[in-house]
Amino acid sequence: MENSEQSTSFYQNNLEKEDERKNKGVRLDELISREGIEIDKSMDAMLKLMLEQNDFLSHVEVVTISPEDEPNTDGFFHRVQVGENVFIPTIFIVSENKEHLQKLKDVRESSAKEVADMLGISFENMTPNLLRQFIIAHELGHATDYIKNYETNPDFEGADAAEEWSSHYNANLYTLPVPGFDPVDLREEMAKFTNLEEFLLANPDVYRIVKTSNIKTLQDLLNAQELAYRNSSYENYADNFATDFLKKNAKELKISELVN
């Protein structure tokens, strides 16, 4: 199946790309102990509180990347291979950039609205800083999922845990309207086409979802992908983790939008 082969190749290429970035990672416990946190000062209190309440995250590594490297996201999670049967849970975070975050809020509006709804605030009150806090907490939610359900799962050992995580993540992607693509990768893929008709010619398997849904444009299809991805079990775990953490600690973190 053409679409399956393309998306699997895209997924594998992304995994290899993240493995190549491994040498930039810093352990979370080391990062917050440094003078002048490397992500940005506004995240210092949040990460310290996160680790204080979830000490099992201490060995998670943080890699800072530029907006130019990842123009369509502000962060993501990956388990990075550092040796034979040795994998490190790693979060990749785009360095602080308000223009980048505002662009994300505008371009990925449907996803940002979902976040606002989860936090119980209006979309207008979703500031770039709060969106950034949610994204970082969300990626640490993915790390929590990996550590608790794979890395420390007695049913798995070493490479087995990483392989099982990859298998479940990939299976999750294949439940989406455009199988095998997360929304960020799909946006990059769609950039190759000028309209929905062209995209469907290259990806005929997607016709089924278009026929049964009110999808008229590439943006409509991307919105459907965003919604399905956001509602998947993989994303739900991280979303719930981030939402609970930010609401529970809103006062201490001085998040005025969440303090009633």
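The values are calculated or read from the model by the stated rules, or taken from the named source; none is laboratory data. Remember, predicted model here, so these are calculated numbers, not experimental data. FYI the Cβ positions are ideal-geometry reconstructions off the backbone, even for glycines, and counts take in every protein chain you see.
Which of the following residues is out of contact with any Ser or Thr (no Cβ under 7 Å at 6 or more places or on another chain) and touching a residue at least 60 places away in the same chain (Cβ under 8 Å): Asp160, Asp74?
Result of the check over Asp160, Asp74: Asp74.
Given (1) more than 22 Å from Lys254 (Cα to Cα); (2) free of Cβ contacts under 8 Å to residues at least 24 places away in the same chain; (3) of a type in the set (D, E, K, R), identify the lone condition not met by Asp44.
Failing condition for Asp44: (1).
Within the range 175-185, work out how many residues are over 16 Å from the mean Cα position of the chain (by Cα) and not β-branched (Val, Ile, Thr).
Looking only at that region, the number is 2.
If we only count helices (runs of 4 or more DSSP H) wholly inside the range 186-257, which ones have 1 or more residues that are within 22 Å of the chain's Cα centre (by Cα) and charged (D, E, K, R)?
218-230, 233-248
Can you tell me which residue is nearest to Ser166 (Cα to Cα) among those in the range 59-86 that are at pLDDT below 90 and part of a strand (DSSP E or B)?
Gln81
Can you tell me how many residues within the range 237-260 are surrounded by 13 or more Cβ atoms within 10 Å (Cβ to Cβ) and either closer than 23 Å to Leu176 by Cα or basic (Lys, Arg) (or both)?
Of the residues in that region, 8 qualify.
(1) part of a helix (DSSP H, G or I); (2) surrounded by 23 or more Cβ atoms within 10 Å (Cβ to Cβ): which one isn't true of Phe92, the others all being true?
Against the list (1) part of a helix (DSSP H, G or I); (2) surrounded by 23 or more Cβ atoms within 10 Å (Cβ to Cβ), Phe92 comes up short only on (1).
Name the residue that is modelled with the highest pLDDT, counting only residues in the range 87-122 that are within 25 Å of Asn240 (Cβ to Cβ) and among the basic types (Lys, Arg).
Lys113
Under 8 Å between Cβ atoms, at least 6 apart or on separate chains: pull out the pairs that start in the range 205-228 with a residue that is closer than 21 Å to Asp106 by Cβ and crowded, with 16+ Cβ neighbours inside 10 Å and end on any residue that is basic (Lys, Arg) and at pLDDT 90 or above.
Filtered contacts from the range 205-228: Leu222/Arg187.
Would you point out which residue out of Ser66, Ser111, Ser122 is among the hydroxyl-bearing types (Ser, Thr, Tyr), more than 22 Å from Asn170 (Cβ to Cβ) and out of contact with any strand residue (DSSP E or B) (no Cβ under 9 Å at 6 or more places or on another chain)?
Answer to the check: Ser122.
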